[in-house]
Amino acid sequence: MRKRILVGLLTSACLAAGASGWMSVRQAAAADDGIKIVPDDIGGVVKSSKGPEAGVWVVAETKDLPNRFVKIVVTDDQGRYVLPELPKAKYKVWVRGYGLTDSQPVETEPGKRLDLTAVVAPDAKAAAEYYPANYWYALLQPPPASDFPGTGKDGNGISIGMKSQQQWLGHMKENCLFCHQLGDKSTRELLTQGNSVEAWAERIQKARADGDVTLGNHGKELSAQMQNMMAAFGRQRGLKMYADWTDRIAGGALPQVPPRPKGVERNVVVTAWDWADGRFVHDEATTDKRNPTVNSDGPIYGVDTLNDHLELLDPNTGKSTELDIPGQDPSVKHSMNNQVHNPMLDGQGRVWMTMLPGSGEGPQESWCTDGSQDKFAAYFPMNASAGRKLAVYDPKSKKIEIIPVCFSTHHINFGHDKDNTLYFSGDVNALGWIDTKVWDETHDAKKATGWCPFVLDTSGDGKIDPNRNNWNQPSGNPFGNIAGEGAKQGGDAAEPAKQADPNKDTRISGFPYGMNVSPTDDAVWVAKYTPAVPSGVMRVTRGSNPPETCKTEYYEPPKLPDGTYAAFNARGVDVDSKGIAWVAFGSGHLGRFDRSKCKVTKGPTATGQQCPEGWEIFPAPEPKVAGTNMPSGWYYLTYVDLHNVFGLGKDVPILPGSETDSLLAFLPDQKKWIEMRVPYPMGYYPRGMDVRIDESKPGWKGHAIWTNNGTTPLWHQETGEGSYGEVVKFQLRPNPLAS
C-alpha cells in the first residue's frame, strides 16, 4: 500500500468522496418547462434540497461503445439541462458541481427525460474533493522573497543558483508541472504516517511512464529528472516545501471555492473518448489552421511519444487505431527511439510530425555542416551527433515517410505562403523549415530545408553581418537555471555575452518552445522559454534571400519597479489577424504584444527590454500561490481562433490550462475570461489544441475545439489505475438547452 501511495496513485478515497451522499433520483415527465428532447438527447431538471441547481455539470458515461465515451453539459439558471448528440447506448448519468458531492449514477438511454436530485455537500471538506488541482496548488508556500538569493546547503538551504523568488517560482511551475498536475488527489495527499519529507523523497524516486511498453528505462529517466529538479531548489528546502503543503492539507487546510460556470460558460458541451489503449498521447491534431475544413469529419490524430505510434480516433464510431512510425533506416521496422512529438496537418490532410533530436538511426547528413554542399551550412553549420528527422503520414497512401533535417524539431506550424513552408521550434541555435512544395516536387531534403540562426541586429544597420565570426557570441547554458522539457535537447549557446560589442550583431539562444506564423507578414514568432525568468518571444524573418537576410528580434515581458517581471516562463505564442502576438506564460498570465508600438526594434539596446510599451499582461482568473502574486495555473501553449470557428469571436486567444482542468479563452475587446472546465475525470491535462469545422453537421454542432488529455502518468486521473488518455471536444451552443 505504501508503494501505491508514494508513486501518487489514486485510491478508493477518491471514489468514496463521491459516494458519501448517494441521492435519490426520479425519472418522470414534467409540465412544459422548455426542455425539448429528440431521440439522441437526454434532458431534465436538476434540483437539490436548496432548489434548482444552476451551473452544475450533468455527466453521461458509457462503456458500450468501442471506447469509453463521456458527454458533459452545464445546467441553466433554472437547473435545466439537455445532453445532445448521444450515440445509441446505455448511459450512467449523474450530477457534479461545486458545493455538491456526486449523485448516484442512474442508467438511462437517449430519447428519455431524466430529472435528477443533486446532493449538497455535508461540509467544506467534502465539497473541496471536486476542486481543480490549481486551487489546491495555491496552498503551497514557497520561501519568501526575503530569503533570496540562496546561500546553499550550509546557509538557508536554498540553492545558490536561485537568485530570486521569481526564479524559484519559475522552477516550481515549469519543471514540476510539465508532465502532470500538482494538486490533484494523487499528489496533494500522503496517506502515510511518519516523516513527510522522507515520504516526498521516496515519492520522486518511484516514477514510471504509463503505457511505456518498449522503453523500459523511461521510468528511471523520469525519476532522475525529478531528483535533479528537486536538487535545483536546494534538495531539503524543496522537499520541506512540498511536505509542509501535504501536511497542512492533511491537517484540514482547504482552498478557496471555485466559481460555478456562468453566462456563456453554461453553453459549452464537452465530449470525450478514450483512445490509444491506455498509452500516453502527447498531443493531437485535426485540421489545417489556415483552412479549418481540411479533414472535415475525419480522424483525430495523436502521437504516442514513448512508443513511436501515430494514433487515430474516428469520432463518428469511437474506434481508435494506431500506426507504427518507422526509423530513418527502412530496414528497421520500428525504431523504438523516435519519440515523436507534435503532429500538424497540411492542406492535403497529411500529418507532419516532429521527432526529438538525436533519435533514430544513422549519422547526421553531411550537407548540414559542409558549406560546399549547402549555402545554409556555409553560413551557419549545424553540428549534431546524430541524424535529426521528421515524419509525414499520407492518409491516401497510408504510408509514413521519414525526412532528414539538420536542426532539432519540437513544435511545428505552417506559414501562409504559396510554398506551404513548415517551420520548426526546438533548436537552441536556429529556426528551421522545410519548403513542402519543393519536397513534393523533388523529394530532396537538402533543397527543401533551410534555417536561420538566431542573431539580433544589435549593430543597428538593418542587416546581419554575414560573417558569423564577427557576431557577439552568447555564453553559458542555453537553458539558464531551468532545465525543463528542453534539457535533453542539447545546444552550445545561451544569453548574449554581458560584454557585447555594440557595433556587432549578437547571437542569442535558449530553448524555443511554442511557435506560430503571423498571417499578416509571415514572420515566425517563437516562445524562448529558457531561462524561465524572464523568458520572452523571438520574432524571426527570413527575408528575400535566406540565410543572408535572416533577422531575429527578442522581446521580454516588462520589468517592474521592484526588479521582478510582470510575467515569466513564456511557453506558447500565436498571432492574430492584426499581427498581435498572444503569449501563454507558465507564471499564469496571458501576454498581448503589439510590435507596432515599439520605438526600438534594433540596435545595442534591442536585447529584450527595449519595448515595454508593446506589452499588456493579463493574469488568469484563479487564486494566487500563497504569499505571492503568481496565479496558480500553468498554461501549456496558445491558440488563436483566427476564423471564429468556435463562436466566441474572431481572433480570440485560448489557453490549455494543464493545471486547471480547463481551457481558458480571453475576449480581447471585453478583457474578459471564459473558462471551460472538464469536471470529469479530474486531472484533465490539455496539450495540443485546434479548431475544426465538420461540414456534415449544421450550425454549432459542426464547429468545435479539439484537444487531448495528455498527462504523462495517466493513473493520476480521478479514474485511477487503468485510465486512458482522451480526445476531448468542446462545442458552444447558443443556449444550455439547444439540441
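Note on region 618-739: Lys pairs 8 or more places apart or on different chains, Cα atoms under 15 Å apart, count 4. With the highest mean first, a sort of the peptides 540-548, 269-277, 652-660 on other beta-carbon atoms found within 10 angstrom per residue produces 652-660, 269-277, 540-548.
With the whole protein complex present, Glu616 retains an accessible surface near 60 Å², based on a 1.4 Å probe.
Quote the charge dipole size of region 163-312 about the Cα centre in Debye, to the nearest 20; the model charges only the Cβ of Lys and Arg (+1) and of Asp and Glu (-1).
Details: 18 positive and 20 negative charges, 186 e Å.
Taking the Cα centre of region 163-312 as origin, the dipole is about 900 debye.
Once you have the Cα-Cα distance between Glu548 and Gln236, take 0.36 nm times their residue separation minus that, and quote the gain in nm to one decimal.
Values: separation 312, 0.36 × 312 = 112.32 nm, distance 5.02 nm.
Extending this stretch completely gives an extra 107.3 nm.
In the chain, the DSSP beta bridges split such that about 95 percent are antiparallel, to the nearest 5.
Positive end of the dipole of the chain, charges at C-beta (+1 Lys, Arg; -1 Asp, Glu), about the Cα centre: which of Pro258, Gly349, Cys176 has its Cα farthest in that direction? My answer, from the dipole projection, is Pro258.
The trypsin sites (Lys or Arg not before Pro) found in region 73-147 include none that occupy coil by DSSP while having at most 10 further C-beta atoms within 10 Å.
Using C-alpha pairs under 8 Å with a sequence gap of at least 6, the mean separation divided by the residue count of the chain gives a relative contact order of 13 percent. When the convex hull of its Cα atoms is viewed from all sides, region 607-739 shows a mean projected area of 11.4 nm². Which shape class applies to region 600-657: rounded if a/c is under 1.5, otherwise prolate when a/b exceeds b/c and oblate if not, where a ≥ b ≥ c are the square roots of the Cα gyration tensor eigenvalues? In terms of gyration-tensor shape, oblate. Please work out the FRET efficiency for the pair Val120 and Glu401, using the Cβ-Cβ distance as r and a Förster radius of 56 Å; give the result to the nearest 0.05. Plugging the Cβ-Cβ distance into 1/(1 + (r/R0)^6) gives 0.45. On full extension, the segment bounded by Asp297 and Asp40 gains 90.6 nm, given 0.36 nm per residue less the C-alpha separation.
A simple spin-label model places the labels of Leu191 and Asn629 4.1 nm from each other, with each point 7 Å out along Cα-to-Cβ. In this simple spin-label model, placing a label point 7 Å from the Cα along the Cα-to-Cβ direction at both Ala253 and Lys50 gives a separation of 2.6 nm. The value of relative contact order for region 57-214, using C-alpha pairs under 8 Å at least six residues apart, is 13 percent.
Treating r as the C-beta distance of Gln670 and Lys701 and R0 as 35 Å, the FRET efficiency rounds to 0.85.
Which value, in Å², gives the accessible area per residue of the chain when a 1.4 Å probe is used on the protein heavy atoms? Write out the running numbers ahead of the final one.
Working: 25950 Å² over 739 residues.
Using a 1.4 Å probe on heavy atoms only, each residue of the chain averages 35 Å².
Loop-resident trypsin sites (Lys or Arg not before Pro) (DSSP state other than H, G, I, E or B) in region 625-697 with no more than 12 further Cβ atoms inside 10 Å of their Cβ: Lys671.
What order do you get for 633-645, 594-606 when each peptide is scored by the mean count of other beta carbon atoms within 10 Å, highest first? Can you show the working numbers first?
On the way: 633-645: 24.1, 594-606: 14.8.
The most tightly packed comes first, giving 633-645, 594-606.
Peptides 524-537, 420-433 ranked from most to least packed, by the mean per-residue count of other Cβ atoms within 10 Å: 524-537, 420-433. Under the convention that each Lys and Arg Cβ holds +1 and each Asp and Glu Cβ holds -1, the size of the dipole of the chain around its Cα centre is about 1180 debye.
Between Lys504 and Lys163, what FRET efficiency comes out of the Förster formula 1/(1 + (r/R0)^6) with R0 = 30 Å and r the beta carbon distance, rounded to 0.05? Write out the running numbers ahead of the final one.
Details: r = 28 Å, r/R0 = 0.93.
According to the calculation, E is roughly 0.60.
Taking a spot 7 Å from the Cα of Gln373 along the direction of its beta carbon, which residues of region 397-433 have an amide N less than 16 Å from it? Counting only backbone N, you get 403-407.
Subtracting the Cα-Cα distance of Ala145 and Gln227 from their residue separation scaled by 0.36 nm leaves 27.1 nm.
Distance distribution note for the chain: the fraction of Cα pairs above 44 angstrom is 22%.
The values are calculated or read from the model by the stated rules, or taken from the named source; none is laboratory data. Only a predicted model underlies this, so the values are computations on that prediction, with no experimental measurement involved. Note: ideal-geometry Cβ built from the backbone for every residue, glycine included; neighbour counts use all protein chains shown. We work out accessible area using only protein heavy atoms, side chains counted, and drop any ligands, DNA or RNA first. Shrake-Rupley method; radii C 1.70, N 1.55, O 1.52, S 1.80 Å.
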